[in-house]
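Every read-out reported here was derived from the displayed coordinates using simple, explicitly stated rules and does not represent laboratory data. Small disclaimer: the values here were computed from a predicted structure and weren't measured. No Cβ is skipped: glycine too gets one built from the backbone with ideal geometry, and neighbour counts run over all protein chains shown.
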Amino acid sequence: MQRIGRGIGRLAALGNNRLSRTTADNLLLAFPEQDSRWRRRLYHASLQHTGCALTETALLWHRPMEAVLSVADSSGVCAAFDTDPRPRIVIAPHLGNWEFLNLWLSQRLPLMSLYKPARNPQIDRYIRLGRTRSGAELLPVGTAGLRAMLRGLSEGKSCLILPDQRPGKGSSPVLSRFFGQTVDSSPLVSRLAARTDCSLYLATAIRRAETPGFKIIIRSMDRLALNTDVQSATEYLDQRIEALVREYPEQYQWAYKRFRPEAYAQLSE
C-alpha cells in the first residue's frame, strides 16, 4: 500500500493540481532560506508521503488489529509516558500517520478524540468504525463534545488532539508563529491544560525508511508552559510542533493550507 501511495504521489507531483500547488506554496513559505533544488526534493518526497497516508488507511481500518500493531516500533516513546499516573493530553500534529497513532494509543489508554461527522451517514459510520476499532471514543466537534472530553479527563480518560489546522468559522483563533509565518491557531490545548490536572505529550507515528511500519515518538511537554496565558501557551505549542516537523519535514501535511490567506496572496504577486 505504501508503494501504491508513493506512485500516487509521483503522479500528483507531475500535474497542476490542488495537492501539488499547495505543497509547493507551503514549502516556499516555510523554507525561503533553502534553494529551489532542496525544496524540489522535499516537494516530491512530501507528495509521496501524502499518497501513503491515503492508501495506508485501507489496511489500518480493515486488517486484523494484531497485524496492524505488529509494525509499531515504540522505541521513541519517553519513559514517563507509560508510568504516568495522570490522564494524558496527547498532541498529535499532522505528521506521519495520525490514524495509526490513534489505533496504537487506544490499545493502551482509554482514549477520546474530537472529530467532525461526515454529512453522509454511511461515510460517517465507516469512518467511526475505522477509528474506534481499537477502543477509541469519538466525540463530535462542538460544545457538547468539549464538555464530554472535560468530563472524561476528570474521570481518568486521556485524549488525542490534532492541533495544527486552522480553526473553523465562528471560533476565536490565537495569532501565533509557525515556520516564520503568522498563523491562526486553536487555543484548545491551553484551555484543556488550564482546566484539568493532566500531563501533556507531543506524539507522532513516523514511517520507517528501512522496513514497512511506523516508529512511535512521544515526548513530554512542559505543563507549566501550556498552563499559562493562552497567547504564550499557543506560541510554545507551535514552537514544539515546528521543531518536531523539522526533524521529519517530508512527512508533514504540506498539502494543507496552514498559513493565512495573505501569505499565499503574496506568492502570486
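Screening I217, I206 for residues that are outside any loop (DSSP other than H, G, I, E, B) and touching a Lys or Arg at 6+ places or on another chain (Cβ under 6 Å) leaves exactly one candidate, I206. Among residues of the stretch 44-55 that are more than 12 Å from G7 (Cβ to Cβ), those with a beta-carbon under 7 Å from a residue that is of a type in the set (S, T, Y) at least six positions away or on a different chain give the pairs S46/T23. Quick check: is even one residue across the stretch 14-28 in a helix (DSSP H, G or I), closer than 30 Å to G135 by Cβ and of a type in the set (A, V, I, L, M, F, W, C)? No: zero hits. Taking each residue of the stretch 109-128 that is touching a residue at least 12 places away in the same chain (Cβ under 8 Å) and looking for partners that are charged (D, E, K, R) and in a strand (DSSP E or B) with beta-carbon atoms closer than 6 Å, six or more apart or interchain, yields M112/E137. Whenever a residue of the stretch 219-242 is among the small types (G, A, S), its partners that are crowded, with 19+ Cβ neighbours inside 10 Å and assigned to a loop (DSSP other than H, G, I, E, B), lying with C-beta atoms within less than 9 angstrom and at least six residues away or across chains, give the pairs A233/P187.
Assess whether S46 counts as being under 30 Å from A194 (Cβ atoms), within 16 Å of the chain's Cα centre (by Cα) and hydroxyl-bearing (S, T, Y). For S46, the condition - under 30 Å from A194 (Cβ atoms), within 16 Å of the chain's Cα centre (by Cα) and hydroxyl-bearing (S, T, Y) - is not met.
Taking T228 as the residue in question, decide whether it is more than 16 Å from the chain's Cα centre (by Cα), assigned to a loop (DSSP other than H, G, I, E, B) and either over 21 Å from T50 (Cβ atoms) or polar (S, T, N, Q) (or both). Step through it out loud before you land on a result.
Numbers: more than 16 Å from the chain's Cα centre (by Cα): yes; assigned to a loop (DSSP other than H, G, I, E, B): yes; either over 21 Å from T50 (Cβ atoms) or polar (S, T, N, Q) (or both): yes.
When the stated conditions are applied, T228 passes them.
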